[in-house]
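Below is one structure, written out as structure tokens, with a few remarks after it.
The values are calculated or read from the model by the stated rules, or taken from the named source; none is laboratory data. These figures come from a predicted structure and were not determined experimentally. Every residue, glycine among them, receives a Cβ derived from its backbone with ideal geometry; neighbour counts consider all protein chains shown. Accessible surface is based on the protein model in full, side chains and every heavy atom, while ligands, DNA and RNA are left aside. Shrake-Rupley method; radii C 1.70, N 1.55, O 1.52, S 1.80 Å.
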Amino acid sequence: PSALLLPRLQNDSWGKQYSHALFKAMSHMLCIGYGQQAPEGMTDVWLTMLSMIVGATCYAMFIGHATALIQSLDSSRRQYQEKYKQVEQYMSFHKLPGDTRQRIHEYYEHRYQGKMFDEENILGELSEPLKEEIINFNCRNLVANMPLFANADPNFVTAMLTKLRFEVFQPGDFIIREGTVGKKMYFIQHGVVSILTKGNKETKLSDGSYFGEICLLTRGRRTASVRADTYCRLYSLSVDNFNEVLEEYPMMRRAFETVAMDRLDRIGEERPRGPARPPLRLLPGPTA
């Protein structure tokens, strides 16, 4: 019957002829074989081989493009997974203990939340107005919860936000240790921290608060320790950026100094009685 199929089609309508030809070509190209009917004659053999080559090429291109499309749909998650695989190999190579590995895993989960971006490079490619707009939008919750920013000059807020660096701390982490040289202050976006003094007095700070500004103003050592009680999402500000911004806004420097002096007084009251300690003097900002 197959031998009679082609001669019979010669007298059929063009629709049937085209449908049979398309079926045979698709069977070559998709099944990667000669299909239902073996080729007859050298011309048919060479056409069938060409059809199979074209079909195999198209199939490979389709798989490649489909894979690239799927990966591009969530490239940031793929980048995070690739990065964390390197972290796992690093931990395995150094034979880190299990509890340390778990803390590292939890840190990455809370810090990046399954997605990773080269944010510094992305913002660096934008114009200054766009960069400032994005940073203000990203930090809108911090600004809304912080009384210091709520009533401040918008230009001061923008200048401060563009210099902040996002950081994450886990419960039990000591963000600041008493007696160390302070190089940063911190703004709390979300979380709870404890201010610890030698008198074992704890003071809690939460969303919208800031700490660590005392030693930036006095240029001395830390007067208290600060411990994270929960997962804390903070923004840090280096001492150089702190002085650079406050040099342009002296009124805001006085606002920081007022809070710092109040905290110094409370710390002094909480310390056990002993030899009198000389009062800390707030130094003026850098001059041009």
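General remarks:
- Set of aspartates and glutamates near Lys201 by C-alpha distance (under 17 Å), chain-local residues within fewer than 8 positions excluded: Glu178, Asp229, Asp262, Asp265, Glu269, Glu270
- Solvent-accessible surface of region 128-270, taken per residue with a 1.4 Å probe and all protein chains present: 48 Å².
- Fraction of accessible area attributable to carbon and sulfur, region 128-270 (%, probe 1.4 Å): 50
- Around Ser236: net Lys/Arg minus Asp/Glu count, Cβ-Cβ under 10 Å: +3
- Alpha-carbon spread of region 128-270, three principal axes, descending order, Å: 47, 31, 24
- Efficiency of FRET from Cβ geometry, Ile135 and Ala60, R₀ 51 Å, rounded to 0.05: 0.70
- Here Lys115 sits with roughly 70 square angstrom of accessible surface, probe radius 1.4 Å.
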